[in-house]
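Read the figures in this text as sums done on the coordinates, not as results from a lab. All figures in this text were calculated on a predicted structure; none of them were measured in a lab. Cβ atoms come from the backbone with ideal geometry, glycine included; neighbour counts cover every protein chain shown.
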Amino acid sequence: MSATVLTASALLLDMDGTLVNSDAVVERCWRRWALKHGLDPEAALKVVHGRQGYATMAVLLPDRPVEENYADNRVMLAEETADVDGVVPIGGAPAFMAAIADLPHALVTSADSALATARMGAAALPMPAVRVTAEQVGASKPDPEGFLKGAAELGFGAADCIVFEDSEAGIAAGRAAGMRVVGVGPRAAALSPDAHVEDLTQIRVEAAADGTIRLHIDEA
């Protein structure tokens, strides 16, 4: 491993795959949906992570009316919110969240508020006071809107923020926002983030005297 130190004023955190391991429920729900629509579940699972459901559906069924995608997405969100079986924290997430509790940070997730609350609760992680959920953006990741809103709400510019993400869509959104990205987990490894960790046990948070956040990262 090699050690990297990144400095920021604020942290913007994705949820699924970054703080919470919800892969089991995501795969259950999306496999059912793919089979119902005559699609290969394995191919579908390659594009679901990081996006809002309607955006995934638009990729998989490009000729389908967007209204049908929004309707299906509402059903999918309800199913995912009701199913927290197997939802657990990513390794190191409880200690990481405790370390940043008094530092500027926001949750930026493609989940809606109900789903985010259900999953953070199932993983026994504290919900950040500042959060940008699906209801608050007009465009899903990989659009940078969510991260830019999170930075603005915290009162910092893009260059002063570090994004934590696991997915291709999320990492692309962070880059498009002009932010540095720490990739978390196996999906992020091949996407050339500014730093990569297998989980959050590889990160030590230091609050510097000048108010900045120093991340000591033991890279995978």
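Bridging of residue 46 to lysines at a Cα separation below 16 Å is possible for 141, once same-chain residues fewer than 8 apart are set aside.
Between 0 and 90 degrees, the angle of helix 113-122 with respect to the longest Cα principal axis of the chain falls at about 70 degrees.
In a reduced charge model with +1 at each Lys and Arg Cβ and -1 at each Asp and Glu Cβ, region 27-159 shows a dipole moment near 160 debye about its Cα centre.
By the rule of a C-alpha distance below 12 Å, with chain neighbours fewer than 8 residues away ignored, the aspartates and glutamates paired with residue 36 are 72.
Each listed q (0.09 Å⁻¹) maps to a log10 I(q)/I(0) for the chain, found by the Debye formula over equal Cα scatterers with no solvent: -0.33. Electrostatic tally near residue 50: other residues with Cβ closer than 10 Å to its Cβ, Lys and Arg +1, Asp and Glu -1, net -2. Got a sec? Which residues in region 163-194 would a label at residue 42 touch, if it sits 7 Å along Cα→Cβ and we count backbone N under 19 Å? Only 187 pass the distance filter.
Between the listed residues 78, 159, 88, the Cα displaced farthest toward the positive end of the dipole of region 59-163, a dipole computed from Cβ unit charges relative to the Cα centre, is found at 159. FRET efficiency for the residue 79 to residue 139 pair, using the beta carbon distance and R₀ = 30 Å, is estimated at 0.80.
Residues of region 64-92 with an amide N closer than 12 Å to a point placed 7 Å from the Cα of residue 114 along the Cα-to-Cβ direction: 74-83.
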